[in-house]
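In what follows, a structure is listed as C-alpha cells, so that the remarks can point back to it.
The values are calculated or read from the model by the stated rules, or taken from the named source; none is laboratory data. These numbers were taken from a predicted model, which means no experiment stands behind them. Heads up, the Cβs are rebuilt from the backbone with ideal geometry, glycines too, and the neighbour counts pull from every protein chain shown.
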Amino acid sequence: MNSEKKECKKCNKEFVLDINDLNFYKKMDVPNPDICPDCRFKDKAIFRNEMSLYSGRKCDLCKKNMITMYNPNSPYKVFCIDCYQGDGWDSKDYQMDYDANRPFFDQFKELLEKVPKAAIYRTNSSGPNINSDYVNMSGGLKNCYFVFNSGPAEDCLYSRGIKNTNDLSDIYFSTKSNLLYECVNVHNSSRIVFGDDIFGSVDCYFSLNLNNCQNCFGCINLRNKKFHILNKRVAKEEYENFLSEILGSYEKMENFKKEFEKFSINFPRRENHNLKNENVSGDYINNSKNVEYSFEVVNSENCKYLFSSKDVKDSIGTIGFGFKSELLLECVSVGFSSNIIGSYAVDLGLNILYSFFCYPNNNNLIGCDSMKNSSFCILNKQYTKEEFNKLKIIILEELKEKNIYGLMIPNYLSPFAYNETIAQDNMPLSKEEALSFGYKWEENIQKTEGKETLLPENIPDHIKDITEDILKEILKCIDCNRNYRITNQEFTFYKRMNLPIPRKCFYCRHKDRIKRRGPYKFWKRNCNKCRKEIITNYAPERSEIVYCEQCYQKEVY
C-alpha cells in the first residue's frame, strides 16, 4: 500500500497518509492515526504556553514571589524554577501503583495533579537566565524582558525566536543581530527597523527581502545596494534628510508604513523563505533534507510536520526544541532525546512514552512527571526491567485498542487553555470552537483594562518630546484596550533608535508580526510568471505576486 485515505475523527476532513508516513508508524509500532495533521498540531500546541505569564503568586516550596505560566485557577502546586530543579523535593514521593483495571490516562491525570509544576520552562542547554524574570521557554538570557523560545541573548525585549542577539525589541525570529525593531526573519544584520526577510544588512527601514544592503528605506528585493528610497538610488544627503523627516514621529512612520504596503504589492514574493535545502516543503526551513510540511525548521532530515524545531532526524510531529534528537512522534519541547512518543518537555531522554517535564537523563519511562536520572518507571514508581516490560505490554495494548497510541497526551490533560498557548497564535479558534473540540478556554488571562492615565491620542507624536515621565503613565492599546507600561529599558531603546512610543500592547504587536510572518498553513497555487504549481503559505486568493524559486531568482538576483 502506497497511501491511505482517512477521515479525521475530530474535524471530519479527509487527509492522506503516504508511504513515508506508513513506514514511520510501522517503525514506531503505533497504529496509523485517525486525526489529521492540523488537529494533531492543535493537540500538541495546547501544551506550549510561551507568553501567557502570571505574577503575584508565591512558590509553593520557598514562598518567594515568582512569575509563572500557570494560571492562578490551575489546580497544581507550582515551584519557582530554582526550587523545581533543586534537591528540596523528590518526584518519586508522588508515585502511584499502576492499576491495569483502570484507563491509563485517568491514572496519569491523577499523577499530573499531584506532582508540583515548574513555574516556567528554562532551557538548560543555553545556560541560566540572569536578570530576566519575565521570560519562558528560554535559556542564556541576560537583561531580557518578555522574551520567549530564545537564547542566548542580551538586552532584548518583546521577542520570540532570537539567538545570539543583543539590543533589540519586537522581533520574530532573528540570529546574530543587534539594534533591530519590529522585524521578522532578520539575520546577521544591524539597525533594521520594520524589516522582513533581511540578511547581512545595516541601517535599513521599512524594507522587505534585502541582502547585503545599507541605508535603504522602503525597499524590496534588493541586493548589494546603498542609499535607496523606494528602490531608487538617491544621494547620501537626500537620503539622510528623508530619514530625519520621518524617524521618531509616530504619525509619519505610520503613514509611511501604509505607503510601503501599497508599494510592496507590485513586487514578486518568493514562494517560501527556505534556504539551502534538498527536497523540502513548508516555510522558514534552512539547511534541511527530506522535510515535509514543516515550519521554522533548521538542520533536520527525514521529518514531517515539524514546527519551530532544530536538528531533528526521522521524526513526525514535533513542536519546539529538537537538538540532536531522532525518532520523535507527536512531542512538544523535546530535545537531545531518542524514541519519545506523546510527551512534553523531555530533555536527554531515551525510550519515553507519555511523560511530562522529565529531565535530565531518563530512560524507559511511561506516564511520569518531573523525573530525573531515572529508569524503568511507570507513574513515577520504580520497577525492575522485567516488571516494567510486562506492564508496558498491558498499557500499550489498551492504548492501541483505543487507537490513541502514537498521538499526543489527550488534550483534556493539558494544564493550559487553548487561548493561553501557541495554538491560538497559529490556528486561532473562537471560544465556542475551542470548547467544541474539547479544549479549555481561559477567561481570566492576566491583564488590566480601564486603568489608563494617558490616552493614546495624548502621547506626544515625536520621541524627542517624550520625557521619563512616560514611565509613570499607564497606556491603553489602540487595538484591544489592554493597559501596558513603558519600562526604563524600553524607553532608553526608543531614544537610542529614534523611535516613537508604540500605541499597541506587546500582545497585539506580536499578532501583527505573526500576520507578517504568514500562517502555518500551506496551499497549492500557481507561480504568477511561469504558472508552475507551487506550495506556499500565500493563500490563492491573496493579492501578492508569488513566484516559484526559479522565476524569483531570475528576476531578483
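A few comments on the model shown:
- Identity of the residue in the stretch 105-164, in a strand (DSSP E or B), hydroxyl-bearing (Ser, Thr, Tyr) and more than 15 Å from THR68 (Cα to Cα), that ends up nearest to the chain's Cα centre (by Cα): SER159
- Selection status of ASP369, more than 20 Å from THR421 (Cα to Cα), modelled with pLDDT under 95, among the charged types (D, E, K, R) and in contact with a strand residue (DSSP E or B) (Cβ under 9 Å, 6 or more places away or on another chain): no
- Verdict on LYS26 being in a helix (DSSP H, G or I), basic (Lys, Arg) and over 22 Å from the mean Cα position of the chain (by Cα): yes
Residue by residue, here is whether (1) without any contact (Cβ under 8 Å) to a residue 60 or more places away in the chain; (2) crowded, with 22+ Cβ neighbours inside 10 Å; (3) over 19 Å from the mean Cα position of the chain (by Cα); (4) not assigned by TED's automatic domain parsing to the domain that holds LYS504 holds:
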residue	(1), (2), (3), (4)
LYS257	no, no, yes, yes
CYS303	yes, yes, no, yes
SER308	no, yes, no, yes
ASP311	yes, no, no, yes
SER325	yes, yes, no, yes
LEU329	no, yes, no, yes
PHE336	no, no, no, yes
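- Restricting SER207, SER201, SER249 to residues that are surrounded by 13 or more Cβ atoms within 10 Å (Cβ to Cβ), modelled with pLDDT of 95 or more, within 20 Å of LEU168 (Cα to Cα) and touching a Leu at 6+ places or on another chain (Cβ under 6 Å) narrows the list to SER201.
- Verdict on TYR507 being farther than 25 Å from ASN426 by Cβ, at pLDDT 95 or above, among the hydroxyl-bearing types (Ser, Thr, Tyr) and within 27 Å of the chain's Cα centre (by Cα): no
- Selection status of ILE220, among the aliphatic types (A, V, I, L, M), crowded, with 17+ Cβ neighbours inside 10 Å and in contact (Cβ under 8 Å) with a residue 24 or more places away in the chain: yes
- Cβ-Cβ contacts under 8 Å between residues 6 or more apart (or on different chains), taken from a first residue in the stretch 260-274 that is within 20 Å of ASN526 (Cα to Cα) to a second residue that is part of a loop (DSSP other than H, G, I, E, B) and small (Gly, Ala, Ser), are listed as ILE265/SER543.
- Just one of the listed residues (ASN178, ASN215) is modelled with pLDDT of 95 or more, more than 17 Å from the chain's Cα centre (by Cα) and either buried (at least 19 other Cβ atoms within 10 Å of the Cβ) or among the aliphatic types (A, V, I, L, M) (or both), namely ASN215.
- Qualifying residue in the stretch 48-70 (condition: of a type outside the set (Asp, Glu), outside the structural domain of VAL346 (by TED's automatic domain parsing), crowded, with 19+ Cβ neighbours inside 10 Å and assigned to a helix (DSSP H, G or I)): no
- Where a residue in the stretch 446-467 is more than 20 Å from LYS252 (Cβ to Cβ) and its partner, wherever it lies, is modelled with pLDDT of 95 or more and in a loop (DSSP other than H, G, I, E, B), with Cβ under 6 Å and at least six apart: GLU449/ASN481; LYS451/ILE474; GLU452/ILE474; THR453/GLU473; THR453/ILE474; LEU454/GLU473
- Residues satisfying the stated conditions in the stretch 468-496, i.e. in a loop (DSSP other than H, G, I, E, B) and over 21 Å from CYS156 (Cβ atoms): GLU473, ILE474, CYS477, ILE478, ASP479, CYS480, ASN481
- Condition check for LYS324: of a type in the set (Lys, Arg) and at pLDDT below 95: yes
- Residue within the stretch 448-457 that is of a type in the set (S, T, N, Q) and either touching a helix residue (DSSP H, G or I) at 6+ places or on another chain (Cβ under 6 Å) or loosely packed, with under 15 Cβ neighbours inside 10 Å (or both) present: yes
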